[in-house]
Amino acid sequence: MLGRILPQEHGFFDLFKESADYAVAAMQEFRRMVEFPKELEGRARAIKEFEHRADEVTHKTMLLLHRTFITPLDREDIHALIKSLDDILDFIDASAQRLHLYDVREIPEGMVRMAEVTVESVELVRKAVRLLTNLKNTEDLQKICVEINRLENQADQVLRAEVAKLFRDEQDLRTLIKLKEIYELLETVSDRCEDVANVIESIVLEYA
């Protein structure tokens, strides 16, 4: 039903999908960074390139929004969705650049675990964005959004546990500060994924 109601302007949806693809690619690169810390510089550079491309997609989306008289979704929803997608890339990039800048070569197991949770969350964001094109199955979208929220809670639990472990066990203050900052930036990626889920849930409820 929603597919018949929404105007058939697919340019926005293509841009949403492109931004989500860059987010997944960047997050997968970050996971490889923490798995293979000898390759920090090259992977940080690759993530920066994905972030630049996502910025271009956001710019194209805003131009299309300005030029389109009848949009397939509310203008506020389009703006909120592309901004939240762009924010995901920004925080993945920030996490990667700090990891490289601080030259962290000994990666805690907790950071690998958080990266794995975050990869899963970003991949679900991409899945939801792809389903958003026609909204034929709102139940699938709602289930994905619930799972993204669950993963955000899981990432938050990992953050609290790992920061507590740092303060308990880490003797070097500089190392503690560096790792704590990276953990917090990485957890924020999950927060931004949850923002995307909230926007999509709002769209689903509006058009259901």
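Read-outs throughout are calculated quantities, based only on the coordinates presented, and are distinct from any laboratory measurement. What you see is a predicted model; the values in this text were computed from it and never measured. Positions of Cβ are backbone-derived with ideal geometry, glycine not excepted, and every protein chain shown enters the neighbour counts.
Each other residue within a Cβ distance under 12 Å of Arg126 adds +1 if Lys or Arg and -1 if Asp or Glu, for a net charge of -1.
Relative contact order of the chain: 30 percent, from C-alpha pairs under 8 Å at least 6 residues apart in sequence. Pick from Arg192, Arg113, Arg174: which is most flexible by mean-square fluctuation in a GNM of the chain where alpha carbon atoms under 10 Å apart are linked? Comparing Arg192, Arg113, Arg174 in a Gaussian network model of the chain, the most mobile one is Arg174. Dividing the summed -39500 (n - 2.57) terms of all DSSP H runs of n ≥ 4 by the residue count of the chain sets its mean residue ellipticity at 222 nm at -29500 deg cm²/dmol. Per-residue 3J(HN,Hα) values for segment 146-155, derived from phi via the Karplus relation 6.51 cos²θ - 1.76 cosθ + 1.60 with θ = phi - 60°, read 4, 5, 4, 5, 5, 5, 5, 5, 5, 4 Hz in sequence order (x marks Gly and Pro). Among Gln157, Gln28, Gln171, the largest mean-square fluctuation in a Gaussian network model of the chain, built with springs joining Cα atoms closer than 10 Å, belongs to Gln171. Shown here: Rg and Dmax of the Cα atoms in Å, derived from the displayed model; of the candidates [x] 17.9, 55; [y] 18.5, 58; [z] 18.0, 61, it corresponds to [z]. For segment 135-142, the Karplus equation 6.51 cos²θ - 1.76 cosθ + 1.60, evaluated at θ = phi - 60°, returns couplings of 6, 5, 10, 5, 4, 4, 4, 5 Hz by residue, with Gly and Pro reported as x. Here the Karplus curve 6.51 cos²θ - 1.76 cosθ + 1.60, taken at θ = phi - 60°, turns the phi angles of segment 69-82 into couplings of 6, 10, 9, x, 9, 4, 4, 5, 5, 4, 4, 5, 5, 5 Hz, with x standing for Gly and Pro.
Largest mean-square fluctuation among Ile88, Ile107, Ile144, in a Gaussian network model of the chain whose springs join Cα atoms under 10 Å apart, belongs to Ile107. Electrostatic bookkeeping for Arg31 treats Lys and Arg as +1 and Asp and Glu as -1; over the other residues with beta carbon under 13 Å from its beta carbon, the sum is -3.
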